[in-house]
Amino acid sequence: MNDVIKTIMSRQSVGRLVDPAPSPTELQMILKAAANAPDHGVLRPFHFIVFKDEEKMRFQKVLLEALERRARAKGSTLTEGQIKKESTKFERAPMVIAVATKINLRSKIPEVEQILSTAAAVENLLLAAKSLGYDSMWRTGEATYDDFVKTAIGLEATDHIVAWVYLGTNPRSTSESRDPSLIDLVTFWR
Ligand SMILES: Cc1cc2nc3c(=O)[nH]c(=O)nc-3n(C[C@H](O)[C@H](O)[C@H](O)COP(=O)(O)O)c2cc1C
């Protein structure tokens, strides 16, 4: 197995990540790897919003306000548990990166392909981080599709958040190689 395959086979979602997060130089490398994703029409539709340090903690207030607005719109009230969960989400990793597609509405490249290209950028990001010794988790959830949240991170309602990538170090430091089954996944057409 070469190093690239080893990195791919050892990537796994890790729900709780701790310091250290990638250094500024490593982050630059990781984001460049992400931006090297295949991209039909070379539209560069992807955009990366990095949350770290104080700003990461502060953004949780935006997530909570968005949740309160969604609840109000539905006429429901939030439980203590829901409030706590939403306002501590970003504590699950020392760094979070929102990866978004800034949709080019004038392009003839279909919107779905612009989103797919961004998903490819997300996977590049996860793998580049893994290759540098960091673990990750791709998360979405209701806030992903909330216009209030999109506006707070500088997106238009027509744009899409594709992932909240949680990044950091796995406290359990396992790097086992996986061996996914291909049963029912592959056919050779004849
Ligand atoms: C588009 C997308 C959205 C995801 N959203 C969530 C999420 O909101 N919460 C979560 O726990 N995992 C989320 N995941 C991670 C998957 O649950 C995870 O990749 C899956 O369980 C397989 O585990 P692995 O990443 O270790 O292979 C998401 C993955 C993708 C591709």
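As an exercise: evaluate Ala143 against (1) in a helix (DSSP H, G or I); (2) within 11 Å of the ligand (Cβ to nearest atom); (3) open to solvent by 60 Å² or more (accessible area, probe 1.4 Å) and give the number of the one condition it does not meet.
It fails just one condition, (3).
Given the conditions (1) charged (D, E, K, R); (2) exposed (fewer than 15 other Cβ atoms within 10 Å of the Cβ); (3) not in a loop (DSSP other than H, G, I, E, B), report the number of the one that Glu156 does not fulfil.
With (1) charged (D, E, K, R); (2) exposed (fewer than 15 other Cβ atoms within 10 Å of the Cβ); (3) not in a loop (DSSP other than H, G, I, E, B) applied to Glu156, the lone miss is (3).
Condition (residue is part of a loop (DSSP other than H, G, I, E, B) and either at pLDDT 95 or above or surrounded by 16 or more Cβ atoms within 10 Å (Cβ to Cβ) (or both)) applied to the range 26-36: is it met by at least one residue?
So the first thing to find is which residues in the range 26-36 are part of a loop (DSSP other than H, G, I, E, B), and the list is 36.
Filter once more, so that each one left must be either at pLDDT 95 or above or surrounded by 16 or more Cβ atoms within 10 Å (Cβ to Cβ) (or both): 36.
Checked against the condition, which is being part of a loop (DSSP other than H, G, I, E, B) and either at pLDDT 95 or above or surrounded by 16 or more Cβ atoms within 10 Å (Cβ to Cβ) (or both), the range 26-36 yields at least one hit.
Suppose we keep only residues that are within 14 Å of Leu132 (Cα to Cα) and crowded, with 16+ Cβ neighbours inside 10 Å within the range 11-25. Which one would you say is nearest to the ligand (Cβ to nearest atom)?
Residue satisfying both the conditions and the ranking: Arg11.
Hey, can you tell me all the residues within the range 148-172 that are within 16 Å of the ligand (Cβ to nearest atom) and among the small types (Gly, Ala, Ser)?
Scanning the range 148-172 gives Ala163, Gly168.
Just one of Trp164, Trp138, Trp189 is in contact (Cβ under 8 Å) with a residue 60 or more places away in the chain and open to solvent by 30 Å² or more (accessible area, probe 1.4 Å); which is it?
Trp138
Does Arg69 meet the test of being open to solvent by 70 Å² or more (accessible area, probe 1.4 Å) and of a type outside the set (A, V, I, L, M, F, W, C)? Please lay out each step first, then the result.
Working: open to solvent by 70 Å² or more (accessible area, probe 1.4 Å): yes; of a type outside the set (A, V, I, L, M, F, W, C): yes.
Considered against the rule, which asks whether it is open to solvent by 70 Å² or more (accessible area, probe 1.4 Å) and of a type outside the set (A, V, I, L, M, F, W, C), Arg69 comes out as yes.
Yes or no, residue by residue, for (1) surrounded by 14 or more Cβ atoms within 10 Å (Cβ to Cβ); (2) within 16 Å of the ligand (Cβ to nearest atom); (3) among the hydrophobic types (A, V, I, L, M, F, W, C); (4) touching a residue at least 24 places away in the same chain (Cβ under 8 Å):
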{"site": "Ile49", "(1), (2), (3), (4)": "yes, no, yes, yes"}
{"site": "Thr77", "(1), (2), (3), (4)": "no, no, no, no"}
{"site": "Ile97", "(1), (2), (3), (4)": "yes, yes, yes, yes"}
{"site": "Ile103", "(1), (2), (3), (4)": "yes, no, yes, yes"}
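Answer yes if at least one residue in the range 106-118 is in contact with a Phe, Trp or Tyr (Cβ under 8 Å, 6 or more places away or on another chain) and either touching a residue at least 40 places away in the same chain (Cβ under 8 Å) or surrounded by fewer than 20 Cβ atoms within 10 Å (Cβ to Cβ) (or both), and no otherwise.
Checked the range 106-118: at least one residue is in contact with a Phe, Trp or Tyr (Cβ under 8 Å, 6 or more places away or on another chain) and either touching a residue at least 40 places away in the same chain (Cβ under 8 Å) or surrounded by fewer than 20 Cβ atoms within 10 Å (Cβ to Cβ) (or both).
How many residues are assigned to a helix (DSSP H, G or I), closer than 25 Å to Asp19 by Cα and touching a strand residue (DSSP E or B) at 6+ places or on another chain (Cβ under 9 Å) if we restrict to the range 99-126? Break it down into steps so the answer makes sense when it comes.
Pass one, the range 99-126, residues assigned to a helix (DSSP H, G or I): 111-126.
Still in the running and closer than 25 Å to Asp19 by Cα: 121-126.
From what is left, the residues that are touching a strand residue (DSSP E or B) at 6+ places or on another chain (Cβ under 9 Å) are 121-123, 125-126.
Number of matching residues: 5.
The values are calculated or read from the model by the stated rules, or taken from the named source; none is laboratory data. Computed from a prediction, not measured in an experiment: that's the story for all the values here. FYI the Cβ positions are ideal-geometry reconstructions off the backbone, even for glycines, and counts take in every protein chain you see. In case anyone asks, the SASA skips ligands and DNA or RNA and just uses the protein heavy atoms, side chains included. Shrake-Rupley method; radii C 1.70, N 1.55, O 1.52, S 1.80 Å.
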